[in-house]
1. Collect the residues in segment B:408-438 that are open to solvent by less than 20 Å² (accessible area, probe 1.4 Å) and either out of contact with any helix residue (DSSP H, G or I) (no Cβ under 8 Å at 6 or more places or on another chain) or part of a loop (DSSP other than H, G, I, E, B) (or both), keeping them in residue-number order.
2. Hey, B:GLN129 hits all of (1) more than 14 Å from chain A (Cβ to nearest Cβ); (2) touching a Ser or Thr at 6+ places or on another chain (Cβ under 7 Å); (3) open to solvent by 40 Å² or more (accessible area, probe 1.4 Å) but one; which does it fall short on?
3. Residue under question is B:TYR151, and the condition is that it be surrounded by fewer than 20 Cβ atoms within 10 Å (Cβ to Cβ), of a type in the set (Phe, Trp, Tyr) and in contact (Cβ under 8 Å) with a residue 24 or more places away in the chain; does it hold?
4. Mind checking which helices (runs of 4 or more DSSP H) fall wholly inside segment B:333-399 and carry at least 3 residues that are not assigned by TED's automatic domain parsing to the domain that holds B:GLU440?
5. If I ask for residues that are open to solvent by 80 Å² or more (accessible area, probe 1.4 Å) and closer than 16 Å to A:ALA32 by Cβ, which ones from segment A:119-131 would you list?
6. Quick check on segment A:41-54. Is at least one of its residues assigned to a loop (DSSP other than H, G, I, E, B) and farther than 24 Å from A:ASP123 by Cβ?
7. Being of a type in the set (A, V, I, L, M), under 31 Å from the mean Cα position of the chain (by Cα) and not assigned by TED's automatic domain parsing to the domain that holds B:SER36 narrows it down to one residue among B:ALA163, B:ALA146, B:ALA142; which is it?
8. I'd like the full set of residues that are open to solvent by less than 90 Å² (accessible area, probe 1.4 Å) and at pLDDT 85 or above, limited to segment A:1-15.
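The values are calculated or read from the model by the stated rules, or taken from the named source; none is laboratory data. Nothing here was measured: the structure is a model prediction, and the numbers come from that model. Glycine also receives a Cβ, built like all others from the backbone with ideal geometry; neighbour counts cover every protein chain displayed. Side chains included, ligands, DNA and RNA excluded: accessible areas come from the protein's heavy atoms. Shrake-Rupley method; radii C 1.70, N 1.55, O 1.52, S 1.80 Å.
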Amino acid sequence: MNHADPVLGRVLRSSTTGYTFGFSQAHTQPPAFGALVKTAVGDSHVFGLVYDQRVMDDALVRQIVASSDSLSEERIQDMRMRRQTPIEISVLSIGYEQGGTIYQLLPPHPPDALQPIFACTPDESRRVLTSFQYFRTVLDNMECPSEELLVASIRHGAGCQPPGQAQPYLIGAGRELTRLLAHDHQRLDAILRRLADFFNATHSLPEVPYG
Amino acid sequence: MDDTNSADAFLHALRAQPPGEDLSARLGQVVAGSLSKGLEVRLDADRSLEDLAVGRYVVMRTNNRLFFGMITDVALDNTNPAFEKTPPDFSNPFLRQIYLGNSVFGRIHISPMLMLDETDIAAGQPVPQPVKTIPGHYTPVATASAEEVAYVFGPEGEHVDEAGAKAHYFHIGDPLDMENVKITLNLERMVERSSGVFGKSGTGKTFLSRLLLAGIIQNNVAVNLIFDMHNEYGWEGSTEHHIQRKVKGLQQLFPGKVAIFTLDMSSSRRRGANPDYEVKISYDQIEPEDIEMLSGVMNLSEAQIGAMYVLRDRMGKAWLRTFLDDGALEAYEGLKGLAKELDQPPQTLAALRRKLDRLRRFDFISEERVDDSVSRILDYLQREHHVVLEFGRHGSDLRAYLLIANYLTRRIHARYVKLKEASFADPSYEPVPLVITIEEAHKFLDPAVASETIFGTIARELRKYNVTLMVVDQRPSGIDSEVMSQIGTRVTLALDSEDDIRAVFMGVRGASELRQVLAGLDTQGQALILGHAVPMPVVVQTRRYDSEFYRQMGFIEGETLQERAAQDIEELGGKRPKRLL
């Protein structure tokens, strides 16, 4: 991990399946839903998908909201930068890297409190999301909006592919989903329809003969 | 890069393939099945069901064996029955690419037929063996290559095995959807037992029979006696296409090896043939057994048949001539007196006489003593000349056809039996294997008569006396089941009737699966061959009976013949002739 990378935040609480970190950057946007982030656990790096952002209130915010009828834009920005509680971002662990090999498995240990969290580069995202074993981890998780998260993550993975490879990547991911959700036609269709919109937007696809 | 190709390349990279597997030929993988019921194969996502037809050969390669099978059914399948109730949106190209071949996919049913040992293949001596087991789960299935088909059927031509036995493999056609592959059948094995060519009217039975007969003649595997009902084998025949064209008969292809005998000299000559012999029989040569087989077409009752035997016992050889001659009956004081003397009901004799009187219309039956046609035919056969008996205008009369075929076959078979028995003491008497070709075979082999007629006997005897049948028929269901089960090689063109299809597959393993194959045959030019002469059932696009075939049979076209003759004459220092025929 390159220590020159900007730290997005630090771990507040964690478990084997995921963790929540406090986003503390005042001048940048928090990572998007479905983005891949990483943190160090011992000699390995744990990768996870952002699946929730929670903006908590604090006493100051409550006071201002209660007392002021009108707020200037300058004051709102000031309040956002000086807030007393961080934005809580929840992450689902989908894999880890150890000895240069990426495993799409739950990490052996969860990250410790206050471990720094980093955003993954496009190259890292491509390496981590190349295979689709993590789909099952996402689909089986009851705490996250698994269908939405999977669509966001696949879109993220497709966006990291080299030129011309986004559509094959999407087709590969879709076919993997047909295997995993063979028993749940409606759920499969719901995910694929969301992906279809993104697929069509990438660029027009040559006609494939029916049959 | 094309997006579809990129997707496939991407997916192939994801899919772990066994090293060395040829993906271009791969169709799918075995997912279920049994030896008795066949194998279920799920098609790969990039394979279209429409490109696969029943009857096509596939191979399944395991570590030790190469399994050979035939596609006997194709089906649509899915991973979830909900896809049938709520089909996905196939107008969306993305969804179509995802679902097709994955959630909804093609499935083929394969009948395993043969297996070959990989070590034998590696040693260059593949020995096809019947399947006794099946390939395991997820064994890759691929279309058979030309080389693999050749392992099974053997290359065209003459082969001598280690024991010194000769076998002639005759190119009968090509497998479906495969180019440059020849399907051959073992002619020795074909003539070893009776064979059958079946198909509904207009499917090309005669063409295929002529093809097989040409193979037998060219390779000197047996001699043929062909009862040519419609005058199509000996001299020119015509195609059944909407544009009729003439095709060459066997005598034209093999001059000097094929003799044409005729029952109707004027008809044969009108058609341009030059028959070698006109067959005539006399009334005194006809026996009740010759007529008994016509009981169906002549509407003879049991009592009338019995009366014929009584007549023969009383009057001897001349029974028929005497019975039909008014003058001769005078000696018995008319029909009533004869009935009284024979202790037969007068009505029976009167009806019998009325029916037998119809034989007078056949001008090949003579009042006078005639040459012995049977000896003449046997003489040709023993000199290894093939005999085509043309019926001329009598071909349209089933009674004439049945009478003559039965008459000649009974006597020829009897002589063969004697010769064969003599050959046990002196091998020089060993008769040349004989194949008798009959059309409208169900008339000879009807369950009511098959047990008693000579044709039923020949079919049941197998090759005991070196005589076998080639039955050509459009109604195999009319053939006695016991006889049908003895038909070693069955060449089947398209059939419609369920009864006929059932009859063709009588006693065949995996018949229910092969039915689908038969049902899928084109109405012309495609045949399913199964039985003794082929190592496994095979669907062929039959070889064309055209000038190329003539050339391969050794026929030289007119112009070429003229050029060759002129060249020979020049080489011999002779004069160029004014005109050559």
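1. Taking segment B:408-438 and keeping what is open to solvent by less than 20 Å² (accessible area, probe 1.4 Å), we get B:408-409, B:412-413, B:416, B:423, B:431, B:434-438.
Matches in segment B:408-438: B:TYR416, B:PRO431.
2. B:GLN129 satisfies every listed condition except (2).
3. Numbers: surrounded by fewer than 20 Cβ atoms within 10 Å (Cβ to Cβ): no; of a type in the set (Phe, Trp, Tyr): yes; in contact (Cβ under 8 Å) with a residue 24 or more places away in the chain: yes.
Answer is no for this residue.
4. Working: elements: B:334-342, B:346-356, B:373-382.
Filter on segment B:333-399 gives B:334-342, B:346-356.
5. Residue satisfying the conditions is A:PRO122 alone.
6. Looking only at segment A:41-54, we keep the residues that are assigned to a loop (DSSP other than H, G, I, E, B), and these are A:42-43.
Narrowing the set further to residues that are farther than 24 Å from A:ASP123 by Cβ leaves none.
Within segment A:41-54, not a single residue is assigned to a loop (DSSP other than H, G, I, E, B) and farther than 24 Å from A:ASP123 by Cβ.
7. Numbers: B:ALA146 fails: not assigned by TED's automatic domain parsing to the domain that holds B:SER36; B:ALA142 fails: not assigned by TED's automatic domain parsing to the domain that holds B:SER36.
Among B:ALA163, B:ALA146, B:ALA142, only B:ALA163 is of a type in the set (A, V, I, L, M), under 31 Å from the mean Cα position of the chain (by Cα) and not assigned by TED's automatic domain parsing to the domain that holds B:SER36.
8. Once the filter is applied, which keeps residues that are open to solvent by less than 90 Å² (accessible area, probe 1.4 Å) and at pLDDT 85 or above, segment A:1-15 yields A:VAL7, A:LEU8, A:GLY9, A:VAL11, A:LEU12, A:SER14, A:SER15.
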